[in-house]
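Peer 1: Before we start, here is the structure in question, set down as structure tokens.
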Amino acid sequence: MRIDKYLWAIRFYKSRSEASTACKKGQVRIGSAIAKPSREIFGTEQLTIRKNQMEHAVLVLDIPPSRVNAKLVERYAKDITSEEVRNARIDVATHQAQNKIDSGGRPSKKNRRDLLDFLENESTPNKD
């Protein structure tokens, strides 16, 4: 099976074209060699995939017949990413969630007018 089709089948990428693009950019490696999208994949090969600025390590266990259910991915691939990378991935996700600004949606007319009044008062110099 082609490596781009395999990565799509085990749900590592949402689309096959996304997996193919990642291979073309050199983000997918088999051992230490960069893998082209058309490279055939066999069992017991180790893949290193760079996705979202993280290095993921995946061990190929078997070749799926087609795209598999999320519950069945464990039969075909094993995530062997180190604990440090997994913890860093969790830390980044929690940090992003904490820094997300809750704006409450679009401002009302009153909020906009108050903001404009504030900005006008800041831009005019005080004549004290």
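Values quoted throughout were computed directly from the atomic coordinates according to the rules given, and no laboratory measurement underlies them. A quick note: this is a predicted structure, and the numbers were derived from the prediction, not measured. Here the Cβ positions follow ideal geometry from the backbone for every residue, glycine too, while neighbour counts run over all protein chains shown.
Peer 1: Please go through the stretch 33-76 and pick out each residue that is closer than 20 Å to residue 21 by Cβ and among the small types (Gly, Ala, Ser).
Peer 2: 33, 35, 38
Peer 1: In the stretch 14-35, how many are more than 19 Å from residue 86 (Cβ to Cβ), in contact (Cβ under 8 Å) with a residue 24 or more places away in the chain and of a type outside the set (A, V, I, L, M, F, W, C)?
Peer 2: Number of matching residues: 0.
Peer 1: Still on this structure: For a quick check of your reading of the model, give me the residue pairs whose first member lies in the stretch 42-63 and is free of Cβ contacts under 8 Å to residues at least 40 places away in the same chain, whose second is of a type in the set (Phe, Trp, Tyr), with beta-carbon atoms closer than 7 Å and at least 6 apart or on different chains.
Peer 2: Listed by first residue and then by second, the contacts come to 61/76; 62/76.
Peer 1: Here is a further query. Has the stretch 114-128 got any residue that is more than 16 Å from residue 1 (Cβ to Cβ), of a type in the set (Lys, Arg) and not in a loop (DSSP other than H, G, I, E, B)?
Peer 2: Scanning the stretch 114-128, I find no residue that is more than 16 Å from residue 1 (Cβ to Cβ), of a type in the set (Lys, Arg) and not in a loop (DSSP other than H, G, I, E, B), so the answer is no.
Peer 1: So which residues in the stretch 64-91 are over 16 Å from residue 8 (Cα atoms) and in contact (Cβ under 8 Å) with a residue 12 or more places away in the chain?
Peer 2: Selection gives 80, 81, 82, 85, 88, 89.
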